[in-house]
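Participant: Quick one: the structure is below, and I'll ask about it shortly.
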Ligand code: B12
């Protein structure tokens, strides 16, 4: 049954048919499925499938991917507030995409999952320089900096996590502010998060919220 919704949603966003994409998700919810199922069993796997079907290259394909991501992002904004709420406020994170990285959908999903776990999120947006991550984390008194990188060069780049780590260490903030990273490059290279100086990484929104909640809890008890 979920597979049929997945096929319908893929077809709708391949046609960049926003109305049909929304209707497919509405139908799924009407049948009693949760917003978490809509995001994690439909939206995310379909974006991944789409990437396999149409490899980034010609302009038309890029435009198609862009519109597909916009539709999924819009639906994500609508679904996340419907997530099952947890109770206690746990802590605060500043999050953004790495410098020169404009892939925003993953961050949006992580943000929603964090909020549903009652973690306060300060979203610095896209293309965030290292200095800004650190300055905002200090200003906001956040326990975590979260950096989303969808491209190898923005994960490894000199104005990305590596520099954030340098700045944290230089300011004596290691241990007080933890660095968590995520995005496609970390999936294919299990030790990359360590190489870029992060304390942890997570593969998806749900595990991201779990990992970050654990770090905040450890930070409080240490
Ligand atoms: C959609 C897309 C685009 C859209 C982005 C639209 C938008 N508003 O986001 C557009 C068309 C604009 C685009 C542009 C480009 N893209 Co693009 N894009 C993609 C694509 C197909 C899907 C990304 C996505 O949205 N995934 C769905 C989300 C839900 O998944 P996610 O981001 O991985 O997020 C999850 C986890 O990673 C994790 N997570 C994410 N962030 C964080 C952060 C933290 C702290 C934690 C803990 C966890 C976490 O949780 C998330 C939710 O579950 C990927 C292919 C792929 N398979 O990833 C290529 C891809 C990332 N793009 C790529 C490229 C090359 C580009 C361009 C350079 C293309 C070009 N020739 O111009 C430009 C670069 C633009 C820029 N400077 O940023 C390459 C990168 C290759 C590489 N080795 O670095 C990829 C891998 C495609 C490929 N196979 O070649 N792209």
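Coordinate-derived values only; no laboratory data. In this text, all values refer to a predicted model and were calculated from it rather than measured experimentally. Glycine gets a Cβ as well: all are built from the backbone with ideal geometry, and neighbour counts include every protein chain shown.
Participant: When the chain is modelled as a GNM with alpha-carbon springs shorter than 10 Å, which of 198, 155, 184 fluctuates the most?
Facilitator: 184
Participant: With contacts defined as alpha carbon pairs under 8 Å and 6 or more residues apart, what's the relative contact order of segment 91-221 in percent? Mind dumping the intermediate values first?
Facilitator: Working: 255 pairs, mean separation 36.9, N = 131.
Value for segment 91-221: 28 percent.
Participant: Still on this structure, please answer the following. How big is the equivalent ellipsoid of segment 91-221 along its three axes, where each semi-axis is √(5λ) from the Cα gyration tensor, reported in whole Å from largest to smallest? Provide the component values of the computation, followed by the final result.
Facilitator: Numbers: eigenvalues 67, 57, 38 Å².
Semi-axes (√(5λ), whole Å): 18, 17, 14.
Participant: Using Cα atoms only, what is the angle between the long axis of helix 44-53 and the major principal axis of the chain, expressed in degrees (0 to 90) to the nearest 10?
Facilitator: 70 degrees
Participant: In a GNM of the chain with a 10 Å cut-off on Cα contacts, which of 180, 152, 122 has the highest mean-square fluctuation?
Facilitator: Top of the fluctuation ranking is 152.
Participant: Right, here's the next one. Given the peptides 169-176, 69-76, arrange them by the average over their residues of other C-beta atoms within 10 Å, most packed first.
Facilitator: Working: 169-176: 11.8, 69-76: 19.5.
Highest to lowest by the protection proxy: 69-76, 169-176.
Participant: Also, I was wondering about something else. In nm, give the distance between the simple-model label positions of residue 77 and residue 190, each being 7 Å from the Cα along the Cα-to-Cβ direction.
Facilitator: For the pair residue 77/residue 190, the computed spacing is 3.9 nm.
Participant: Find the percent of Cα-Cα distances in segment 161-222 that exceed 16 Å, and round it to a whole number. Please report the intermediate quantities before stating the final value.
Facilitator: Numbers: 891 of 1891 pairs.
When all Cα pairs of segment 161-222 are counted, 47 percent exceed 16 Å.
Participant: Per residue, how big is the convex hull of the chain when only Cα atoms are used? Give it in Å³. Working shown, then result.
Facilitator: On the way: hull volume 25.7 nm³, N = 222.
Output value, Cα hull per residue: 116 Å³.
Participant: Could you work out [θ]222 nm for the chain from helices alone, using -39500 (n - 2.57) per DSSP H run of at least four and dividing by all its residues? Round to the nearest 500 deg cm²/dmol. Walk me through the numbers before you get to the answer.
Facilitator: Working: 11 runs with 120 residues, N = 222.
Counting only the DSSP helices, I get -16500 deg cm²/dmol.
Participant: Compute the Cα gyration tensor for segment 76-150, then decide on rounded, prolate or oblate, letting a ≥ b ≥ c be the square roots of its eigenvalues: rounded whenever a/c is under 1.5, prolate when a/b is larger than b/c in the other cases, and oblate in all that remain. Don't skip to the end; give the middle numbers.
Facilitator: Values: a/c = 3.14, a/b = 1.29, b/c = 2.44.
Oblate.
Participant: A further question on this structure: Sorted by average packing, counted as other Cβ atoms within 10 angstrom per residue and highest first, what order do 22-29, 139-146 take? Intermediate values should be presented prior to the final figure.
Facilitator: Working: 22-29: 17.6, 139-146: 20.5.
Order by mean packing, descending: 139-146, 22-29.
Participant: Taking the 0 to 90 degree range and rounding to the nearest ten, how far is the long axis of helix 130-140 tilted relative to the main principal axis of the chain, both from C-alpha atoms?
Facilitator: Approximately 80 degrees, to the nearest 10.
Participant: While we're here: Relative contact order, percent, of the chain when contacts are C-alpha pairs under 8 Å separated by at least 6 residues?
Facilitator: On the way: 351 pairs, mean separation 36.3, N = 222.
Averaging sequence separation for qualifying contacts and normalising by length gives 16 percent for the chain.
Participant: Now a separate question. For segment 1-47, what does the relative contact order come out to in percent, with C-alpha contacts under 8 Å and a separation of six or more?
Facilitator: 46 percent
Participant: Quote the Stokes-Einstein diffusion coefficient, in whole µm² s⁻¹, for segment 129-180, based on the Kirkwood radius over alpha carbon pairs, a temperature of 37 °C and a viscosity of 0.692 mPa s.
Facilitator: Working: Rh = 11.0 Å.
In µm²/s, the coefficient rounds to 300.
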